[in-house]
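Contents: one structure, followed by commentary.
The values are calculated or read from the model by the stated rules, or taken from the named source; none is laboratory data. Here the structure is a predicted model, which means the values were calculated and not measured. For neighbour counting, all protein chains shown are included, and Cβ atoms are generated from backbone atoms with ideal geometry for every residue, glycine included.
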Amino acid sequence: MPKPRQYGGFAMRIIFLGPPGVGKGTQSQKLVDTLDIPHISTGEMLREAIRAKTELGLKVASQMEGGRLAADEIVVQLVRQRLAQSDCRNGYLLDGFPRTLPQAASLDLALAVDDEAIDAVLNLTVDQEELFRRLMERAKKEDRGDDNEDTIRQRMTVYHDMTSPLIAYYEEQGVLHRIDGIGTVEEVFDRICHVLNKVE
Ligand code: ADP
């Protein structure tokens, strides 16, 4: 099985893009384990803040109700603080961020200050029906507050309206890679490794 080579000395900054339920979480975990880089999931960070009832958590809880997005400036600030930590120096995987064009632009600006840029954007895709099926299945297993039929539909609409324009944005930058998300976890992971092995 092809594995991404070790980027000794090179930072690999990766964004995982894709609709809710596409398998980003599973594939992200495998990838960060293989590349030994931090997994930065804004969904996880926000849920953690809500659980811990921090000031930020209290603020975003109502914003996120019903599958809507947290405010750009809050999420951008959260990510910038995280990326400033020393474990991000050798690269990282962003999962669930950016989710809007303003978030992507802010990220690019923040990186440019240090002469950095995103190396690869992985756009994981599966068809609409399979997506919905996977999400409903996860809802049964995980009891996540935002996994019920109405919020799932809402999150898909939000993805379509707010996040999918990022595909063209990164395509223009020449860093977008499409990955077919249908198949076993291993098959999909092999495709990702194959793509990353070609990234300079
Ligand atoms: P998904 O299963 O859709 O990948 P996530 O765990 O990434 O879900 O995110 C869950 C929720 O957290 C989103 O529906 C949204 O409300 C909020 N969220 C996560 N990332 C962002 C972001 N970059 N901008 C705004 N809201 C976000």
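Which of the numbered conditions does residue 129 fail, given that it passes all the others? Conditions: (1) surrounded by 12 or more Cβ atoms within 10 Å (Cβ to Cβ); (2) more than 23 Å from residue 47 (Cα to Cα); (3) modelled with pLDDT under 90.
(1) is the only condition that residue 129 fails.
If you go through the stretch 156-171 one residue at a time, do you hit one that is away from the ligand (no atom under 11 Å from the Cβ), within 29 Å of residue 193 (Cα to Cα) and in contact with a helix residue (DSSP H, G or I) (Cβ under 7 Å, 6 or more places away or on another chain)?
yes
So residue 95 fits all but one of (1) more than 25 Å from residue 193 (Cβ to Cβ); (2) in contact with a helix residue (DSSP H, G or I) (Cβ under 6 Å, 6 or more places away or on another chain); (3) among the acidic types (Asp, Glu); what number is the exception?
Only one criterion in (1) more than 25 Å from residue 193 (Cβ to Cβ); (2) in contact with a helix residue (DSSP H, G or I) (Cβ under 6 Å, 6 or more places away or on another chain); (3) among the acidic types (Asp, Glu) is unmet by residue 95, namely (1).
Does the stretch 99-106 contain any residue that is assigned to a helix (DSSP H, G or I) and of a type in the set (Val, Ile, Thr)?
Looking through the stretch 99-106, none of the residues is assigned to a helix (DSSP H, G or I) and of a type in the set (Val, Ile, Thr).
Identify, please: which residue in the stretch 84-100 is under 14 Å from the mean Cα position of the chain (by Cα) and not small (Gly, Ala, Ser) and is, among those, farthest from the ligand (Cβ to nearest atom)?
If we filter the stretch 84-100 for residues that are under 14 Å from the mean Cα position of the chain (by Cα), which is where we start, we get 92-100.
Next cut, not small (Gly, Ala, Ser) only: 92-95, 97-100.
Numbers: 92: 14, 93: 13, 94: 9, 95: 7, 97: 4, 98: 6, 99: 4, 100: 7 Å.
Here the residue is 92.
Restricting to the stretch 38-61, and then to whatever is among the polar types (S, T, N, Q) and within 8 Å of the ligand (Cβ to nearest atom), can you tell me which residue is surrounded by the fewest Cβ atoms within 10 Å (Cβ to Cβ)? Show your work before the answer.
Quick first cut of the stretch 38-61, residues among the polar types (S, T, N, Q) only: 41-42, 54.
Add one more test, that the residue is within 8 Å of the ligand (Cβ to nearest atom), and what stays is 41-42.
Working: 41: 20, 42: 22.
By that ranking, first place goes to 41.
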